[in-house]
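Worksheet for the structure shown next.
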Amino acid sequence: MKLLLTSAGVTNQTIHNELTDMLDKPIADSNALCIPTAMYGHPWVGPGEKAWQFISGKSENPMVDLGWKSVGVLELTALPSIDEERWIPLVRETDVLLVSGGDALFLYHWMKKSGFADLLPSLDAVYVGMSAGSMVMAPNIGEEFVGWCPPTGGDKALGLVDFAMFPHLENEMLPDNTLANAQKWASNFSAPGYAIDDETAIKVSDGEVKVVSEGQWKLLTP
């Protein structure tokens, strides 16, 4: 599986071009599934209007509205209540997964509980994460980003990449997301961390990590 881990979606042409290169066919010929689950765990973005905006492609974060051949909705909280044969083939056949922002630990919890996390490494798809949808790939998210508390506590995430992410760097709507605070955040990890703004993404393909940016980012090492 190829990863395109963004802070705010496909916000510029450089990130768009990278996404196009990662697909083995044009966007107009590619089928997508959007995953809004993380939104329900965060008080700023769900449930309600903003979840609908993401799903319908009417949000300010370009992901669902890029011109896909088709877009479906995969709600992870529903999966434990239906048979696997009703959703696993759908996921295996999709070309791209569009995973919203919200609460990373809420998303991690439902990825594990639904069985979706076990399926992820075997998929031949492009995974496009936004904010929490990107952070969940890390070994840990950092105490600074713990909102919804999992039953087991802690800040553990999937660990499908060997670095952590600090999104929305220097965003004027998020005054705490400064580079100085990102450096404090990174000091608690044994692995590297990337601080990325909303014009930046991290591509992971065949074990290679590449930063794609028209904005500001910084690699923070222990």
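Stretched out fully, how many nm does the piece from V146 to H16 gain, at 0.36 nm a residue minus the Cα gap?
Details: separation 130, 0.36 × 130 = 46.80 nm, distance 2.99 nm.
Gain in length upon complete extension: 43.8 nm.
Per DSSP H run of at least 4 residues, take -39500 (n - 2.57); add these up for the chain, divide by its residues and hand me the 222 nm value, nearest 500 deg cm²/dmol.
On the way: 8 runs with 55 residues, N = 222.
Value at 222 nm, helices only: -6000 deg cm²/dmol.
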Just how much of V209 is accessible, in Å², when a 1.4 Å probe is used and the result is rounded to the nearest 10?
60
Mind running the shape call on segment 53-114? Use the C-alpha gyration tensor, a ≥ b ≥ c as the square roots of the eigenvalues: rounded below 1.5 for a/c, prolate if a/b tops b/c, oblate otherwise.
oblate
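Hey, what did segment 145-203 get for relative contact order, percent, Cα under 8 Å, at least 6 apart? Don't skip to the answer; put the middle values down first.
On the way: 50 pairs, mean separation 21.7, N = 59.
Worked out over segment 145-203, it gives 37 percent.
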Zone residues, segment 134-149, relative to S190, backbone N less than 16 Å from point 7 Å out along Cα-to-Cβ
139-142
Gyration tensor (alpha-carbon) shape descriptor, segment 102-218, a/c threshold 1.5:
oblate
In the neighbourhood of S213 defined by beta carbon distances under 15 Å, the net charge of the other residues (Lys, Arg +1; Asp, Glu -1) is -3
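How much accessible area per residue does the chain have, in Å², with a 1.4 Å probe?
Values: 10320 Å² over 222 residues.
Normalised by residue count, the accessible surface of the chain is 47 Å².
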Would you please give the residues with an amide H less than 5 Å from that of Y127, counting only those at least 5 places away or on a separate chain, with H modeled from the backbone geometry?
K2, L3, L4, L97
Non-local residues with an amide H under 5 Å from the amide H of Y194, with H modelled 1.01 Å from N and Pro and chain starts lacking one, are A164, M165, F166, L220
Quick one: grab the alpha carbon gyration tensor of segment 1-129, order the square roots of its eigenvalues as a ≥ b ≥ c, and give me rounded if a/c is under 1.5, else prolate or oblate depending on whether a/b is larger than b/c.
oblate
Taking segment 60-112, which trypsin sites (Lys or Arg not before Pro) meet the DSSP loop condition and have no more than 15 other C-beta atoms within 10 Å?
K69
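Return the carbon/sulfur percentage of the accessible area of the chain, one whole number, probe 1.4 Å, all protein chains in place. List each step's numbers first, then the result.
Numbers: 4980 of 10320 Å².
About 48 percent, which is the carbon plus sulfur part of the accessible surface.
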Quote the relative contact order of the chain in percent (integer), defining contacts as alpha-carbon pairs under 8 Å separated by 6+ residues.
25
Which order do the peptides 23-30, 159-166, 43-50, 132-139 come out in when sorted by mean C-beta neighbours inside 10 angstrom, highest first?
132-139, 159-166, 43-50, 23-30
Once the other residues with Cβ under 13 Å from the Cβ of A201 are scored (Lys, Arg +1; Asp, Glu -1), what is the net sum?
-3
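The values are calculated or read from the model by the stated rules, or taken from the named source; none is laboratory data. Since this is a predicted model, take the numbers as computed values, not measurements. All Cβ positions, glycine included, derive from the backbone under ideal geometry; neighbour counts span all protein chains shown. Protein only, heavy atoms only, side chains kept; ligands, DNA and RNA dropped before computing areas. Shrake-Rupley method; radii C 1.70, N 1.55, O 1.52, S 1.80 Å.
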